[in-house]
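Enquirer: To start, I am sharing the structure in question, which I have written as structure tokens.
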Amino acid sequence: MTPQPRKPIIAVYPGSFDPVTNGHLDLIERGAQIFDQLIVAIARNLEKDPLFAVKERVEMLEAVTFELKNVEVAVFDGLLMNFAREQDACVILRGIRAVSDYEYELQMAMMNRKIEPQIETVFMLPGEAYSYLSSRLVKELARLGGPVKGLVPPIVEERLRAKVGVS
Ligand code: PNS
């Protein structure tokens, strides 16, 4: 019997990405090595008062993933699982930095499995240098004039500087 060609594995990496950090980028690079296609999906309308507009978040993500040919950036509204189905994805990729992330991620993964049992959530660990890093802390640091160098890609640093004047 002739073996059937394997269906490409499409993964969706969802998040707010307000803004993308080096921790996100680390996970994107790891995901891009494992999955055939990785869709980095920005959730619209999650936060009432985001620092960056969705368009700006797309621009920054596109710039930092430019060289990863199997990575694309998209925006979704509403339920993640509806978006994942539309994309023919079979994996949701999420990063877990520390035990403290686990409870929230578990709830979300279980709820998503209830909505769509055919799509698996896969957790990956970012490099340990990023285990303390979050967009929320980066924004706080930037607003208070703290150094964000090394925490975010240079394009994000520039945009933060323009927006809130980072050091
Ligand atoms: O970067 P974040 O803020 O941790 O990402 C959270 C996100 C966007 C993955 C999550 O809030 C989400 O999937 N929102 C879309 C709405 C949805 O499907 N909610 C049900 C999840 S159980």
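The values are calculated or read from the model by the stated rules, or taken from the named source; none is laboratory data. All of these numbers come straight from a predicted model, not from anything done at the bench. Note that we place each Cβ from the backbone using ideal geometry, even for glycine, and neighbour counts take in every protein chain shown. Heads up: the accessible areas ignore ligands, DNA and RNA and are worked out on the full protein's heavy atoms, side chains in. Shrake-Rupley method; radii C 1.70, N 1.55, O 1.52, S 1.80 Å.
Enquirer: Which members of region 54-67 meet the condition of being within 13 Å of the ligand (Cβ to nearest atom) and among the aliphatic types (A, V, I, L, M)?
Expert: Val54, Leu61, listed by residue number.
Enquirer: Next question. Restricting to region 125-141, give me the number of residues that are open to solvent by less than 90 Å² (accessible area, probe 1.4 Å), farther than 16 Å from Ser16 by Cβ and in a helix (DSSP H, G or I).
Expert: Residues in region 125-141 being open to solvent by less than 90 Å² (accessible area, probe 1.4 Å), farther than 16 Å from Ser16 by Cβ and in a helix (DSSP H, G or I): 3 in total.
Enquirer: If you don't mind, another one. Just name the residue that is surrounded by the fewest Cβ atoms within 10 Å (Cβ to Cβ) out of those in region 90-124 that are within 13 Å of the ligand (Cβ to nearest atom) and in contact (Cβ under 8 Å) with a residue 40 or more places away in the chain.
Expert: Arg97
Enquirer: Among (1) without any contact (Cβ under 8 Å) to a residue 60 or more places away in the chain; (2) touching a Ser or Thr at 6+ places or on another chain (Cβ under 7 Å); (3) within 20 Å of Phe17 (Cβ to Cβ), there is one condition Pro147 misses while meeting the rest; what is its number?
Expert: (3) is the only condition that Pro147 fails.
Enquirer: Kindly indicate the residue of region 32-61 that is of a type in the set (Lys, Arg) and at pLDDT below 95 and also farthest from Leu79 (Cα to Cα) among those meeting that condition.
Expert: Lys48
Enquirer: Just give me the residues in region 19-53 being within 13 Å of the ligand (Cβ to nearest atom), more than 21 Å from Val148 (Cβ to Cβ) and surrounded by 17 or more Cβ atoms within 10 Å (Cβ to Cβ), in sequence order.
Expert: Within region 19-53, Ile39, Ala41, Ala43 meet the criteria.
Enquirer: Would you tally the residues in region 1-46 being within 20 Å of Phe83 (Cβ to Cβ) and more than 15 Å from the chain's Cα centre (by Cα)? Let's see the steps before the verdict.
Expert: Here is the first cut: in region 1-46, the residues within 20 Å of Phe83 (Cβ to Cβ) are 7-18, 20, 24, 27-28, 31-32, 35-46.
From the residues that got through so far, the ones that are more than 15 Å from the chain's Cα centre (by Cα) too are 7-9, 36, 45.
Qualifying residue count, region 1-46: 5.
Enquirer: Can you tell me which residue in region 68-89 is farthest from Ile28 (Cα to Cα), limited to those that are away from the ligand (no atom under 14 Å from the Cβ), open to solvent by 60 Å² or more (accessible area, probe 1.4 Å) and touching a strand residue (DSSP E or B) at 6+ places or on another chain (Cβ under 9 Å)?
Expert: So the residue we want is Asp88.
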